[in-house]
1. Between Thr71 and Asn422, how many nm apart are label points set 7 Å from Cα along the C-beta direction?
2. Starting with the highest mean, order 329-339, 129-139 by the number of other Cβ atoms within 10 Å, averaged over the residues of each peptide.
3. Over 23 Å between Cα atoms, which of Lys197/Lys407; Lys167/Lys206; Lys341/Lys425; Lys158/Lys305 qualify?
4. What list of ³J(HN,Hα) couplings, whole Hz, do you get for region 99-113 from phi and the Karplus terms 6.51, -1.76, 1.60, once you set θ to phi - 60° and write x for glycine and proline?
5. So, by mean Cβ neighbours within 10 angstrom, what's the order for 148-159, 84-95 with the highest one leading?
6. In nm, what is the difference between 0.36 nm times the number of residues separating Lys93 and Leu210 and their Cα-Cα distance?
7. Mind jotting down the three principal axis lengths of region 137-216 based on Cα atoms? Whole angstrom, largest first.
8. Residue by residue through region 331-340, what is 3J(HN,Hα) from phi via Karplus (6.51 cos²θ - 1.76 cosθ + 1.60, θ = phi - 60°)? Round to whole Hz and write x for glycine and proline.
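A short reminder: the numbers here are calculations on the coordinates, not readings from a lab. All values derive from a computational prediction rather than experimental measurement. Here the Cβ is made from the backbone with ideal geometry for all residues, glycine too, and neighbour counts use every protein chain on show.
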Amino acid sequence: MTLKTKPIKKNQALEVQLKLAFSVFWGLLFGLSLWLMSLLSLTVLMKWTVFVCFFIPLSLAFLYFYKKIITPFYSLTSLVEAIRLEDYSLRIKDNYHSGVLHALSQEIAELSDDLQQRKQAYDQHTLLIYHLIEQLETPIVIFNNQLQLSHANAAFSKYIEQPWQAKRLTNSESLGLVFKNGWQFTEKEQSERWQIKHSQFVEHEKTYHLVILSNVEELLRVNQQKSWQQIIRVLSHEIRNSLTPIKSLAQTLVSQELADTKSKQALQVIVDRSISLQEFVNRYGDITKNITINKSWFNTADFIKTVTVLFPQSNFSLDNKVESIWGDVVLLKQVLINLIKNGVEANGQNSESCIAITISSQHSRNEKSVVIEVTDNGQGIVNRENLFVPFYTTKKQGQGIGLSLSKNIIEQHGGRLTLVNNVDKQGATAKIYLSQKGDVQIS
């Protein structure tokens, strides 16, 4: 057994109901008037007089009360629409001092004031958040729902090397970022150096993407440097405390007249090794020390010449495409010497070996830099993971200091040092990336 339900009729509009009520009332009154006038046997002139003097004023009175009732609702509708559009400046004239329309007008006015205060508080919080983003040193960028640049901070301007305002409403892909199942870099090299953190938020009923770029290399380098500094501090302290009395006692015994020559020689060995070990500790302390960088423009050709002259037994292949470099020439010489020395030692006794030095410029989306490459044709790198770990070395006479010190110098220049095996031939290539001041000067 099924129950049949009557279709629910939609309620007619208030305006229609008022007009319908007037029409029914007017029709009944008009019919009743005609019936009465027929009973009274009035002339046509008198009938028109009754119609003009009675029904026309009645119709005008209805129109007046109709507008009086409907107009406040139109005003309230406009006010509610303005509130929906977050325009709280609109107010309506309340012609009633009591009653339901007066109460409704007051409630909507109070609602408008309350929402306006909330919007002001929200805008202040939003402004505070944007101000906080501006102060952070991590690149932060905000994209709208069309993946266009909406806002960013000064760190992101430094990341793209131009004011972010010049890139407003630029598509994210042209900035090296793409949204595919999460945010990703368009260049693989950037994904190796940076990590992306992202989230979404809604503002003014629109969805925005908040993207934060974290320099992975910098974080790892800082943590690694802090760890090694702590280890070095402890080791240096313990070694110095032990070496000082040993060296002092050995020197005292050597200065005395001893008949036993062998004992005297043994003591001298102790003194010499103590001095060497102390010098080693002092040198190693420079690996993670903050270095004063004095940058200036220096001639690249002279720079290469003063370094290669220190290796008269080696063959060099030079390819210099840059006229001058912005950096600390003294410290960069030390780095290049270390890299060439590693290449010479990797080549061994091979008389046909050659060290190739290439200096070129590189203009990417985010930076202008000079690349210094030192390539050997030796046996290559055995263990890449431990290349820049202090004390680690594969050489019999090595101390594991050169590469660590070089990496520290380059990073304090704001650059990068990499060392990889050659793909198409023997040997390895060390690359120095140095960010430059202004345009790179090409020779």
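1. According to this spin-label approximation, the distance is 9.4 nm.
2. Per-residue Cβ counts within 10 Å, averaged per peptide and sorted highest first, yield 329-339, 129-139.
3. Among Lys197/Lys407; Lys167/Lys206; Lys341/Lys425; Lys158/Lys305, the Cα-Cα distance tops 23 Å for Lys197/Lys407; Lys158/Lys305.
4. Per residue, the Karplus-derived 3J(HN,Hα) values read x, 5, 5, 4, 5, 5, 4, 5, 5, 5, 5, 5, 4, 4, 5 Hz.
5. Top of the packing list down: 148-159, 84-95.
6. 37.7 nm
7. Result for region 137-216: principal-axis Cα extents of 36, 28, 22 Å.
8. Once rounded to whole Hz, the list reads 5, 5, 4, 4, 5, 5, 4, 4, 5, 5.
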